[in-house]
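Notes follow the structure.
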Amino acid sequence: MTTTAPAPQSVRPGDDALIGGASSPAGPAQAGATPSARAGAAPRTPGRGSAVQAAQRDFLELKRKVKAAGLLGRRPGWYIARGVVLLVAFGGAFTLLFTLGRTPWQLAVAVLFGVLFTQAAFLGHDAAHQQVFSSGKRNEWLSILVANLVVGLSNGWWARKHGKHHADPNTIGKDGDIKTGALVFNPEDAPGRSGVLGWVTRRQGWLFFAMITLEGFNLHFRAIQTIVTSKDLRYRALESVLVAVRLIGFPVLLVFALGPWLGLAFLVVELMVFGFYMGASFAPNHKGMPLIGKNDTVNFLHRQVMTSRNIRGGAAMTWAMGGLNLQIEHHLFPRMPSVNLRQVRPMVRELCEARDIPYTETGLLESYRIVVEYLNRVGLGHADPFECPMVMNNRPF
């Protein structure tokens with residue numbers, strides 16, 4: 001893992017500065033060990049506010065440059081090509097499903113469907129971020145159709161959850177992506193878990209990749225739960241119809257083409273691949289990065305950069321992760337078409353280097369090692385909730 005700058009100390013609520021956490025000098029960043037910072041651990045340091053204001057001014061200037069360069073503009077050709085490729089790929093997958101016959105080779109087709117549903121989810125993600133069309137309404141309708149009808153998610157549920165994540169990434173009590181459930185990301189929630197959950201928590205790092213194979217089942221369950229229980233879901237009737245068509249219609253097609261038992265095996269494999277691919281794409285972005293305490297106030301620039309991690313790689317990595325490999329830039333410019341994120345990356349790195357803001361980037365396998373080690377440390381109670389090993393020294397900023 002590489003960082004371009006040390007992280008500063010933690011601060012009191014109201015301090016317009018980045019959270020660090022350690023009150024004494026620390027060594028180089030340690031992979032995976034980045035629990036939440038403690039509110040009120042460090043006094044205000046003279047000059048820190050002015051440094052933050054300077055960084056914020058620099059970021060506003062960067063935004064002006066990015067806009068002037070046209071990087072925030074829509075890329076209709078790119079998204080048309082992406083949509084056509086997806087449609088052709090789905091057409092090929094359905095052709096194999098109905099022509100290959102009742103053979104175990106259909107399980108390879110199930111893997112293909114799992115990959116394609118994930119790629120469709122990436123496209124829906126971009127639409128939800130207003131990246132595809134200049135019209136907000138068109139983006140919303142595309143995200144609804146892709147999420148509900150193609151992927152089998154509730155777009156309303158996901159949009160609310162993801163919006164909170166972008167507003168407060170890795171913030172305890174605000175970011176649902178780190179809410180304690182089957183996995184524990186906040187070290188303060190690990191002690192006291194007993195029984196089956198306690199056994200899982202103590203081994204959660206090693207079990208992580210097996211557990212994310214269940215994410216597809218979970219996402220479909222959340223869609224049904226949201227539609228049944230959420231009275232304030234904006235397009236509840238429409239989402240109900242679209243999700244029903246997807247979650248009932250697809251299994252019916254499988255039974256028709258393959259019979260009940262092979263159809264069931266196909267569905268299980270597809271869901272496990274989908275869940276694994278989704279989890280393996282989203283986990284490297286924030287898991288194992290510093291957590292922000294409930295009462296800590298952190299400015300936008302530092303909050304988004306400090307809690308995000310980029311994954312190295314070229315065009316193939318960007319395709320495989322749907323642009324999520326450039327997570328820092330995505331969080332700073334969430335409406336920027338994902339295909340443009342690589343162009344703004346050098347500008348963001350330059351700003352971070354100039355203002356001593358940690359910019360974290362690793363290889364994909366290294367990111368998985370970080371996530372696994374972090375989860376194990378949290379589960380075993382070895383992660384101090386008031387420790388932040390990303391602090392490389394005690395410099396204020």
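The values are calculated or read from the model by the stated rules, or taken from the named source; none is laboratory data. Please read these numbers as outputs of a predicted model, since none were measured by experiment. Virtual Cβ from ideal backbone geometry, glycine too; neighbours counted across all protein chains shown. Note: accessible area is taken over every heavy atom of the protein model, side chains too, but ligands, DNA and RNA are not part of it. Shrake-Rupley method; radii C 1.70, N 1.55, O 1.52, S 1.80 Å.
Between residue 174 and residue 105, the modelled label-to-label distance comes to 5.4 nm, taking each label 7 Å out from Cα in the direction of the beta carbon.
Heavy-atom accessible area for residue 168, with the other protein chains in place and a 1.4 Å probe, reaches approximately 40 Å². The three principal axes of the C-alpha atoms in region 248-301 carry coordinate ranges of 56, 19, 17 Å, sorted with the longest axis first. The charge dipole of region 182-293, taken about the Cα centre with unit charges on the Cβ atoms of Lys, Arg (+1) and Asp, Glu (-1), comes to about 100 debye, rounded to the nearest 20. From the alpha carbon centroid of region 222-280 to that of region 300-321 is 29 Å. The accessible area of residue 87, taken with all protein chains in place and a 1.4 Å probe, comes to roughly 130 Å².
The Cα atoms of region 313-352 cover 27, 20, 12 Å along the three principal axes, with the biggest extent listed first. Ligands, DNA and RNA left out, the 1.4 Å accessible surface of region 158-287 is 71% carbon and sulfur atoms. Grouping the Cα pair distances of region 104-225 into 5 Å bins from zero gives a pair-distance distribution of 2, 10, 14, 17, 19, 15, 11, 7, 3, 1, 0 percent in increasing distance order.
In percent, rounded to a whole number, the relative contact order of region 128-267 is 24, using alpha-carbon pairs under 8 Å and six or more apart.
Altogether, the Stokes-Einstein calculation at 20 °C and 1.002 mPa s, with the Kirkwood radius of region 164-225 over Cα pairs as Rh, returns a diffusion coefficient of 165 µm²/s.
Across all Cα atoms of region 41-194, the radius of gyration (one decimal) and Dmax (whole number) stand at 21.8, 73 Å. Note on residue 241/residue 221: beta-carbon distance plugged into 1/(1 + (r/R0)^6) with R0 of 22 Å gives a FRET efficiency of 0.75. Remark: accessible surface ordering of 179, 287 (largest first) is 179, 287, probe radius 1.4 Å. Each Cα pair under 8 Å and six or more residues apart adds its sequence gap; the mean of these over the residue count of region 204-328 is a relative contact order of 26 percent. Rounded, prolate or oblate: which fits region 162-276, taking a ≥ b ≥ c as square roots of the Cα gyration tensor eigenvalues, rounded meaning a/c under 1.5, else prolate when a/b beats b/c? Oblate, because a/c is 1.5 or more while a/b does not exceed b/c. Of the residues 194, 134, ranked by 1.4 Å probe accessible area with the largest first, the sequence reads 134, 194. Kirkwood's formula applied to the C-alpha pairs of region 214-294 gives a hydrodynamic radius of 14.9 angstrom. The three principal axes of the Cα atoms in region 131-185 give end-to-end lengths of 36, 23, 13 Å, sorted in falling order.
If you take the alpha carbon atoms of region 241-397 and fit the smallest convex hull around them, that volume is 183 Å³ per residue.
Of the whole protein surface, residue 161 contributes about 70 Å² of accessible area at a 1.4 Å probe radius.
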